[in-house]
Structures are given as structure tokens and as C-alpha cells.
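Here's the structure, in C-alpha cells; my notes come after.
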Amino acid sequence: MCTDGWGKLRYLITGGSGYIGSRLAEALSSRRKTEAVVIADIVPPHTLPGKSSFRKLDVRSMESAADALAEEKPDVLVHMAFVVDPTHDEPAMYEVNVNGTFNLLAAAASEGVERVVAMTATMAYGAWPNNPVPITESQPVHGHAHYVYARHATEADRIAQLWATLHRQREMTIVRPCTVFGPGADNHLIRMWENQAFFPDFGGGDQPTQFLHVYDCVSALLNLIENGHAGVFNLTPDDHIGWHECARLAGLEVRGVREESFTGLAEGMWRMKMPNVEIPPSFVDFFKYPYVASNDRLKAALPDWQPRYGSRETFEMMLEERAAASGRSA
């Protein structure tokens, strides 16, 4: 459905103070057809763009979610409230990522929200040895039994799929981006390249991965939201890059190791909460198996959208920015 001819729209963005959410709020606030943007988060954003306001919202509370939607009356709900960085408190992470998604969508159903955009991740497909390269949206999301973020992204994605099935008269757009980097980004997958002594090779060869620039992420989201495209869309660049190539660009040696020894040591360091150990050993499968996704469906829906940056370019820009910030040479 296209929004041409509609009146001005009210948006509510959960997680709107976050890295991607704040940039999307700014972009939507600048649009002529936007009436208002409600940034709903547990903390306020650094700045409030024109047409925007802040509302404190904890998605773990069904009552808080229902009150927000009843009072703000958004035409479009954009759900981006997600804990991405691994944590030792997995139940707390589940409360936000999975129960939070359920609460928001249950509230959206009861309050009559007509359009919902839910962001999950390509990690919801999981890293499996039989994954096609690339993965299309027709592939079921399998997640990962032990890597918590991937498992939560899968459960949240399935909740959104169920909502779309139960409310066919409304619009649900599920967006699955790959890892997003860009100016000012700071997360565990960035710090990993600074804290590792080497990159492990378990003997299975190099595997591809993808990095999406935040500019391309926001521009695609803006287009999907404004044009009312329902359905499921992978959000990725056109290409991919090998993990070993990433290691070389980051100045890390690719070292052959026994998987059992590496994961055993990593498990011990994770359980001991050692400094600079932010990624649990369950992430190893994402080094071993492919989980790159196709953006063909997205580009067919948005013929005027084209990613400006590729995976390697985005990765190199991230390294250069981090090096400049620390006073090192990239």
C-alpha cells in the first residue's frame, strides 16, 4: 500500500533513542507528510528533532505499552527496542527482546494500530552448515540454540509473523537487517576486533558475513515505512566479505586452533566475566557457517533504493573511525 493521498502520519518508535532509532526519528521528523514522531524509550535521546517528542516507555510492561499506544494514537508503530549486546543476565534480555515484542504487538492489536514495522535481524536465520548463500526471505528463521541474541531475534520474528497472520486486514512489515556499522557505532561486534589477540580458524575455511552502513539502513527503513510495504524484507548490502579478510584488515593473525580448546577457554573466560570478554563462545558457529542474506526482495519493492556502501567499505570505515578516535593508524 502506498501512502500517497493519506493525511499526515503519527509515528511511535520504540527504542527510538538508540543508534538506529534516533537516526530514523530524525529522518521521519524532516518529512513533509509527518505530523509527529514519538520517541519511546527508557532514556531520552541526545537531541529531539523537530516534530518529535519523548515518552518514557518500558516495553517489559504490558500496561505501559497499552497506555502509550492508547494516548499517542500512532498511525505507524515502529518496534526497534532490542538488547543486542550479550549479557550474563539472559532472563532480563528475554524480558526486553521477546516479552517486549509480545507486549507491544498485543497492545497494537487491542488499540487498533493499523501499521506495524518490526525490526529483527538476519541472525534469526541462524548459522547452519546447509544455509544457502544467500538466504532469501522464504527460508524459515531457525535461530541458534545457544547464542541468545539470535534466539531472541527468531522468537520476536515469529511473534511478528503470527501477528501478521492474525491481523491480515492490517499491515505488518518485518525487517531483518544484518550487522549495522556507521559513524559513532559502538557495540560488542566492533570492540571484538580491538580486544581479540587473533582470529580463530577451525579448519573449515573462510565464511562470508555482511555489514550494512547505517545510512543505507535508515534510508531503506524510511522508504519501506513511508510507502507502506507489508511483508518480510532482508536489509543487507549487495555483497559480503569473508571473516578472514576482516581479520587481515583489522591487523589480526588468522590462527588455526582446535575448536574444542578454543570454545572451552572462551567459555571459562565468559563465565568468569573477564574484562574485554563480551562475546560468549556460542557465537563460534557464526564464524563457522554462513548466514548472509539476499536483498533482492527489498530492491524489487524499492526500485529507487540502492545501498551506497558495500560490506568491505563499511567495515573499513568502521576501522578507520575507531583508529582515529583512539589516535592509532588504521
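The values are calculated or read from the model by the stated rules, or taken from the named source; none is laboratory data. This one's a predicted model, so the numbers in the text were calculated from it and none came from an experiment. Every residue, glycine among them, receives a Cβ derived from its backbone with ideal geometry; neighbour counts consider all protein chains shown.
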For region 153-176, what are the residues that are outside any helix (DSSP H, G or I) and either in contact with an Asp or Glu (Cβ under 8 Å, 6 or more places away or on another chain) or not β-branched (Val, Ile, Thr) (or both)?
167, 168, 169, 170, 171, 172, 174, 176
Being assigned to a loop (DSSP other than H, G, I, E, B) and more than 21 Å from the chain's Cα centre (by Cα) is the filter here; which residues of region 239-284 pass it?
250, 251, 252, 253, 257, 258, 272, 273, 274, 275, 276, 277
Checking 121, 127 in turn, the sole residue that is modelled with pLDDT of 95 or more, aliphatic (A, V, I, L, M), closer than 25 Å to residue 294 by Cα and in contact with a His (Cβ under 7 Å, 6 or more places away or on another chain) turns out to be 127
Test set (1) within 30 Å of residue 269 (Cα to Cα); (2) in contact with a helix residue (DSSP H, G or I) (Cβ under 8 Å, 6 or more places away or on another chain); (3) of a type in the set (Gly, Ala, Ser); (4) assigned to a helix (DSSP H, G or I) - residue 108 fails condition number
(1)
Do the conditions hold for residue 32, that is, is it out of contact with any Asp or Glu (no Cβ under 8 Å at 6 or more places or on another chain) and charged (D, E, K, R)?
yes
Can you find a residue that is surrounded by 15 or more Cβ atoms within 10 Å (Cβ to Cβ), part of a helix (DSSP H, G or I), under 17 Å from the mean Cα position of the chain (by Cα) and among the hydrophobic types (A, V, I, L, M, F, W, C) anywhere in region 297-306?
yes
So, in region 270-323, of the ones that are of a type in the set (Phe, Trp, Tyr) and in contact with a Phe, Trp or Tyr (Cβ under 8 Å, 6 or more places away or on another chain), which residue ends up nearest to residue 257 (Cα to Cα)?
287
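For every residue, the table says whether it meets (1) at pLDDT 95 or above; (2) in contact with a strand residue (DSSP E or B) (Cβ under 8 Å, 6 or more places away or on another chain); (3) crowded, with 22+ Cβ neighbours inside 10 Å; (4) closer than 29 Å to residue 187 by Cα.
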{"residue": "38", "(1), (2), (3), (4)": "yes, yes, yes, yes"}
{"residue": "41", "(1), (2), (3), (4)": "yes, yes, yes, yes"}
{"residue": "56", "(1), (2), (3), (4)": "yes, yes, no, yes"}
{"residue": "77", "(1), (2), (3), (4)": "yes, yes, yes, yes"}
{"residue": "92", "(1), (2), (3), (4)": "yes, no, no, yes"}
When you look at residue 98, is it farther than 14 Å from residue 283 by Cα and assigned to a strand (DSSP E or B), yes or no?
no
Note: among 55, 60, just one is part of a strand (DSSP E or B) and either within 18 Å of the chain's Cα centre (by Cα) or over 25 Å from residue 169 (Cα atoms) (or both), namely 55
